[in-house]
Amino acid sequence: MRVERWIKQFLPRGLYGRAALILIVPVVTIQLVVSSVFLQRHFEDVAEQLSRALSLDLNLILQTWDEQGAEAAAEMAEVLEIEIGQPRIEGGNQRFFYDISGITVIDVIDAAVPGLAGIDLRSNQSEVQIVVDRGQGAPVAFTTARRRASSPAPHQLLVIMVATGILMTLVAYLFLRNQLRPIRRLSGAAEAFGKGRSVDYHPSGATEVRSAGRAFLDMRARIEGHMEQRTLMLSGVSHDLRTPLTRMRLALGMMEDGPDRDDLARDVEEMEALLNTFLDFVRGEALDDPEPYDPVALATGVVENARRGGQSVDLTVPGDAQTVLMRPMAVQRALMNLVSNALRYGNRAKVSVTLIERALRFTVEDDGPGIPEDRRAEALRPFIRLDEARNQNMGSGVGLGLAIADDIARRHGGSLSLGQSMEMGGLRVELTLPR
């Protein structure tokens, strides 16, 4: 723990500095390692010089063999630390693919030694065997230590480069993951709040991420306070408005029957309807808390209630039942508004429930007149009546059915879309909620 605190003292606290550190350190390290490839030229030069020297020794042994005989050649080879024997290969050059300096060894000896039949750098990595065909019987193999032909372990530069690259990539990944974790937590908290859920979140990470986290918490607190204040304010408005409406109703009850009384009674009823629907619209957030709920059971209950009222409503649900995190009372209210809206302007309605990979979709269709495409966005606004598209004499709505459903969908992080029903010819409404 003390070592970790000591290391953190030298690390930048800002996101920019940390990101620069994460990017620069691996890049600079890899560049340094790659630049060391130039040292490979050193290995090639050393291998070339050693191979030329070995070629001169071999040529001297072969010349002695031709002039003085095999015994003199053997004595010369012993002095030069070269062993004469039987070849391990029949012919050709053999080396490992990673033996970079072996290429130089083969090229130099092949060009310098006459009658070369093959070079074996693979059978024994600590030795080099050079097979020469003297044209007088079987080929002769000259074996000596590999260090006589090239620098030992010439491929280790490549191994070090690869190993260092892997190590630095791993280090960069660990750094980057630690820096992204607070950002992902902030993103998850913001996404959950957009879906109507409040999760526990504490700012952490770099200075900029902590600042963004605190700003998010302040914003969330202000929004929640605003919604709570709105609910309390509207509750007070409801109480204050219902009191004079009650007095008006009492006054109407004491008035004599007549056209004036009937007109005033209708005005009072319309005011109460407007008040009730407006309160339903603004109090949707305070209905209930999110909980796992079966959408099939919810849709079935809404359809059965509509059927008990003598309405014609069809229901299509998936075969497997799954629970989805939602506000069941709010979603039920939205679905009831959509079904009621469909039956108000049509004779039949159809409700479908679809579960896709990351979303839940309720679809309500009717056989009514529908809504023109250029006015569908306007239809989602509160207190909007599309008289040209929807017959106002067919219901007593005040233009909040679709608006309430759209508000509930947005508070769940979902959406409400309007379209044309290909099956029934009327309006098609899709209420999509994230899972």
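A short reminder: the numbers here are calculations on the coordinates, not readings from a lab. It should be emphasised that the depicted structure is a prediction, and the values quoted were computed from it without experimental measurement. All Cβ positions, glycine included, derive from the backbone under ideal geometry; neighbour counts span all protein chains shown.
Tabulated data for the structure shown
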| quantity | calculated |
| --- | --- |
| Sites excluded, chymotrypsin sites (Phe, Trp or Tyr not before Pro) in DSSP loops with at most 16 other C-beta within 10 Å, longest stretch of the chain | 99-382 |
| Length released on extending from residue 275 to residue 200, taking residue separation times 0.36 nm less the Cα-Cα span | 23.4 nm |
| Helix 15-35 axis, angle to the chain major axis (alpha carbon atoms, nearest 10°) | 20 degrees |
| For region 131-228, alpha-carbon Rg relative to the globular expectation (2.2 N^0.38 Å, N residues) | 2.55 |
| Linear extension gain, residue 171 paired with residue 60, 0.36 nm per residue minus alpha-carbon span | 34.5 nm |
| Where labels lie 7 Å past Cα in the beta-carbon direction, separation of residue 23 and residue 227 in nm | 3.8 nm |
| Candidates 114, 203, 328, ranked by Gaussian network fluctuation over the chain, Cα under 10 Å, top entry | 114 |
| For region 87-180: rounded, prolate or oblate by the Cα gyration tensor [a/c cutoff 1.5] | prolate |
| All-pairs alpha carbon distance profile, region 1-190, 10 Å steps from 0, percent | 8, 26, 20, 12, 11, 10, 8, 4, 1, 0 |
| Within region 294-370, trypsin sites (Lys or Arg not before Pro) in DSSP loop having at most 11 other beta-carbon neighbours inside 10 Å | 358 |
| The chain, relative contact order [Cα under 8 Å, separation at least 6], % | 11 percent |
| At most 15 other Cβ within 10 Å, DSSP loop - GluC sites (Glu not before Pro), region 197-262 | 256 |
| Rg and Dmax [Cα atoms of region 288-434; Å; Rg one decimal, Dmax integer] | 14.3, 42 |
| Fluctuation leader among 252, 180, 232 - the chain, Gaussian network, Cα springs under 10 angstrom | 252 |
| Residue exposure sequence - 109, 166 - by fewest surrounding Cβ within 10 Å | 166, 109 |
| Value in Å of the Kirkwood radius, where the chain supplies the Cα pairs that are averaged | 30.7 Å |
| The chain - share of DSSP beta bridges that are antiparallel (%, nearest 5) | 85 percent |
| D_trans [Stokes-Einstein, Kirkwood Rh over alpha-carbon pairs] for region 207-282, 37 °C, 0.692 mPa s, µm² s⁻¹ | 211 µm²/s |
